[in-house]
Amino acid sequence: MKIALITGATAGFGEACAERFAKEGYHLVITGRRAERLQEVQQQLEQQYKVKVKTLVFDVRDKAAVETALGSLEDAWRAIDVLVNNAGLALDLSTIDEGNTEDWDTMLDTNVKGLLYVSRTVIPWMRDRRKGHIVNIGSTAAKTVYAKGNVYCASKAAVDALSQGMRIDLLPYNIKVTAVHPGAAETEFSLVRFKGDASRAKDVYKGFTPLSGKDVADVVFYCCSLPPHVCINDLVVTPTAQANAYYIHR
Ligand code: NDP
Ligand code: 8X3
């Protein structure tokens, strides 16, 4: 029996990863803040793939909530083979002199500190078992900074650096660390970034074929399906029409 823990599984990449891993027979721990959507995902996957799915509702920014929720897992559920650190978001596009400092806090607290809190709880379980695989979802924004992307890009550059640091520190414990950096993908990402403005969100993907959640989930699963001695460290995946976070051919 294999277990994958996926954060941010109520939508987008996380939900698609949950389905992909369920399809391969993994039992799942899925997390997010929206309890109802998490339950819908749980019911659908349990029914369709006959796997066990545990839901944990918490905000990754809340250190105590992360520790309490993950700490509630029974021993059998702590045998996590794959951790997908996916929960994250961007808020708005604005120049550094005009940025909203609350948005900055939310992005850094979610994308960087939230990822750390979850990892800090799960890693010792992997360390004790001398095995595990952590997949951190970065972004092309980690690799190329674009105009008005400042703080979001910095948060994803931090994910890139943390992935490298984790990999070094966890070598003695046979724990793989992979950073997957997707380009433009049509999920709820832009709707969240533009605070519910659906037409502005739609425009982001105009004139080219973006990635889907499923495309990214397939890549994440591929990274986790390689032999024990093979680890993809860093992987950038974009739509064919995209060269980096800045250049898209429309
Ligand atoms: P979605 O908005 O579709 O999904 C984001 C997920 O993160 C949701 O399940 C949401 O759950 C969860 N989440 C957000 N904030 C929190 C929080 N504070 N606590 C717990 N869960 C949270 O976006 P994507 O699937 O596109 O994004 C997933 C990851 O991929 C993010 O890290 C994003 O930065 C990154 N990314 C996205 C790209 C894209 O173009 N879409 C490209 C590159 C990277 P809930 O709201 O229920 O809490
Ligand atoms: C999400 C992709 O280009 O909006 O990380 O930063 S982008």
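Tabulated results
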read-out	value
Cβ-defined net charge surrounding HIS27, 15 Å radius [Lys, Arg +1; Asp, Glu -1]	+1
Angle in degrees between helix 150-170 and the longest Cα principal axis of the chain, rounded to the nearest 10	30 degrees
Out-of-range pairs (alpha-carbon distance over 25 Å; input LYS113/LYS176; LYS113/LYS195; LYS148/LYS202; LYS23/LYS63; LYS23/LYS113)	LYS23/LYS63; LYS23/LYS113
Cα long-axis angle, helix 35-49 against the chain (0 to 90 degrees, to the nearest 10)	60 degrees
Most mobile listed residue (PRO228, PRO210, PRO172) in the chain, GNM with C-alpha springs under 10 Å	PRO172
Shape of the range 15-117, Cα gyration tensor, a/c cut at 1.5	prolate
Stretch gain in nm, segment LYS148-ASP92, where the contour uses 0.36 nm per residue and the Cα spacing is subtracted	19.3 nm
Cα centre as origin, Lys/Arg/Asp/Glu Cβ charges: the chain dipole, Debye	620 debye
Amide H within-cut-off set for THR238, under 5 Å, with H built and near neighbours excluded	GLY183
Share antiparallel - DSSP beta bridges, the chain, percent rounded to 5	5 percent
Longest exposed-site-free window of the chain, the sites being chymotrypsin sites (Phe, Trp or Tyr not before Pro) in a DSSP loop that have at most 16 other C-beta atoms within 10 Å	1-145
Contact order relative to length of the chain, as percent, for alpha carbon pairs under 8 angstrom and 6 or more apart	20 percent
Point-to-point label distance, LEU171-GLN48, nm (Cα→Cβ direction, 7 Å offset)	4.0 nm
Kirkwood hydrodynamic radius (C-alpha pairs) into Stokes-Einstein, the range 3-237, 20 °C and 1.002 mPa s, D in µm²/s	120 µm²/s
HN-Hα J in Hz across the range 110-119 - Karplus 6.51, -1.76, 1.60, θ = phi - 60°, x for Gly and Pro	7, 6, 9, 6, x, 4, 5, 4, 5, 5
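Any read-out appearing in this document is the output of simple, stated calculations on the displayed coordinates, not a laboratory observation. Just so it is clear, the model here is predicted, and its values are computed rather than measured. Note: ideal-geometry Cβ built from the backbone for every residue, glycine included; neighbour counts use all protein chains shown.
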